[in-house]
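Just below is one structure, and these are the notes that go with it.
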Amino acid sequence: MKAISEAPSKVIITGEHFVVHGAWALAAAIPRTVTVEVEEYPTFAVRSELYRGPRHAALRPLGEVVEAMAREYSFSPKVRVSVRSGVKGGAGLGSSASTMVALASALSRLHSLGLGIEEVVRLSMVGEAGVHGHPSGIDPTVCALGGVIMFRPGSTPRRLRLNRTRSLLVSFSGETRSTRGQINRVAEVRQKYPGLFSGLVESASAMSQMAADRLARNDMKGLGKLLSFNHAVLSNLGVSNESLDRLVDASLSLGSYGAKLTGAGGGGSVISVAPEGKQKRITSGLNARGYETFRAEIPVRGVRSWLES
């Protein structure tokens, strides 16, 4: 018997970095998924398309989640974990969070624990801390819940209700990055300019609320303007780079309403909103310039798991 779990990836629409320091952020699950299979085995083992052997540094957080859950719920940590990912690592799309959420959900299903979303998120944070250091928790929350949510550490997530689907364009800059390093960079700015940073945190919360209002009303043009302004703030904070700025510029030049980096920055991906009649042309134009781009329709469902014999 094995348990299988599938979790979506995510984009942060507004509020990244500031959410770590208490701001509200707006984020959405997107339909690029990670699938994890778990089954009892003579020892702990990991199979992954990207990495070989459970001792690979990138796979250690998986073992930490398994061990933490085995201790808490009194089952054997001797399992084989198989990971299939449709999410590019280091692209700012929450690949690690999607994997940890899917793993915790699969272990819950395998051992009939009946864990709810909050517990799945809490346990996945064991692995996320190993990857990112001091994450806010937004990534696993979005991957577990699905949909579009307003998130702030310590507060109950607020689900944004949409009357129909919306589309975002997601483009990869071609450069991967370390979330931990970018979080540390922003923490240095906070330490150097505490008053200014506190004001930016409050402004980020207001920006996220405005973005949520425009998304809910399907005012994609208004949302785009907020995205571009948000990118300028993040760029001045030092978490953008030339590749991201060029990608944002290309998105706008091709006709997008607005665009910004998503996630930690320093590489990774850009999200943009475009007129419905121009989405295919803009996607083709960005792909032609070497930026791997796809359309992500939101909302999508969160993590799900099942058993197979």
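Values quoted throughout were computed directly from the atomic coordinates according to the rules given, and no laboratory measurement underlies them. This is a predicted model, so every value here is computed, not measured. Don't worry about glycine lacking a Cβ; one is built from the backbone with ideal geometry, like all the others, and counts go over all protein chains shown.
Can you classify the range 175-231 as rounded, prolate or oblate using the Cα gyration tensor, where a ≥ b ≥ c are the square roots of its eigenvalues, rounded means a/c under 1.5, and otherwise it's prolate if a/b beats b/c and oblate if not? It comes out oblate by the Cα gyration axes. For the chain, the residue among 149, 20, 43 whose Cα projects farthest onto the positive side of the dipole built from Cβ charges is 149. Listed by chain and number, the lysines placed with their C-alpha closer than 29 angstrom to that of residue 88 are 2, 10, 78, 221, 225, 260, 278, 280; residues fewer than eight positions away on the same chain are left out. Scoring 262-268, 73-79 by mean Cβ neighbours within 10 Å over their residues and listing the highest first yields 262-268, 73-79.
How do 17, 134 rank when sorted from fewest to most other Cβ atoms within 10 Å of their own Cβ?
Details: 17 28, 134 11.
So the ranking, lowest neighbour count to highest, is 134, 17.
The label point for residue 155 and the one for residue 242, both projected 7 Å from the Cα toward the Cβ, are 3.9 nm apart. With neighbour counts taken as other beta-carbon atoms within 10 Å, the residues 193, 291 rank, fewest first, as 193, 291.
When only the Cβ of Lys, Arg, Asp and Glu is charged (+1, +1, -1, -1), the dipole of the chain relative to its Cα centre reaches about 540 debye. Ordering 175, 297 from the fewest to the most neighbouring beta carbons within 10 Å gives 297, 175. When Cα extents along the principal axes in Å is calculated directly from the model, which label among (i) 96, 44, 43; (ii) 50, 40, 40; (iii) 56, 44, 35 fits? So the structure-derived entry is (iii). Ordering of 225-234, 208-217 by packing is 225-234, 208-217, highest average first (other Cβ atoms within 10 Å, averaged per residue).
What number, rounded to the nearest 500 deg cm²/dmol, is the helix-based mean residue ellipticity at 222 nm of the chain, given -39500 (n - 2.57) per DSSP H run of at least four residues and division by all its residues? Numbers along the way, then the final one.
On the way: 9 runs with 131 residues, N = 309.
-14000 deg cm²/dmol, from helical runs alone.
Magnitude of the charge dipole for the range 166-298, about its Cα centre and with charges confined to Cβ atoms of Lys, Arg (+1) and Asp, Glu (-1), is about 140 debye. Counted over the chain, the DSSP beta bridges are approximately 90% antiparallel.
Residues of the range 16-31 with an amide N closer than 18 Å to a point placed 7 Å from the Cα of residue 219 along the Cα-to-Cβ direction: 26. Given axes a ≥ b ≥ c from the Cα gyration tensor, I'd like to know whether the range 140-194 is rounded (a/c under 1.5), prolate (a/b larger than b/c) or oblate. The shape class here is oblate.
Relative contact order for the chain: what is it in percent, counting Cα pairs under 8 Å that are at least 6 residues apart?
On the way: 713 pairs, mean separation 85.8, N = 309.
With pairs under 8 Å counted, the relative contact order is 28 percent.
Cα axis of helix 279-288 to longest principal axis of the chain: angle in degrees, 0 to 90, nearest 10? So the helix axis and the longest Cα principal axis differ by about 80 degrees. Under 1.5 on a/c is rounded, so check that first for the range 166-298, then, if it is not, pick prolate when a/b is larger than b/c and oblate when it is not; a ≥ b ≥ c are the square roots of the alpha carbon gyration tensor eigenvalues. Judged from the Cα gyration tensor, the range 166-298 comes out oblate (a/c at least 1.5, b/c at or above a/b). If you line up the long axis of helix 95-110 against the longest principal axis of the chain, both from Cα atoms, how many degrees apart are they, to the nearest 10? For 95-110 against the chain, the angle is about 30 degrees.
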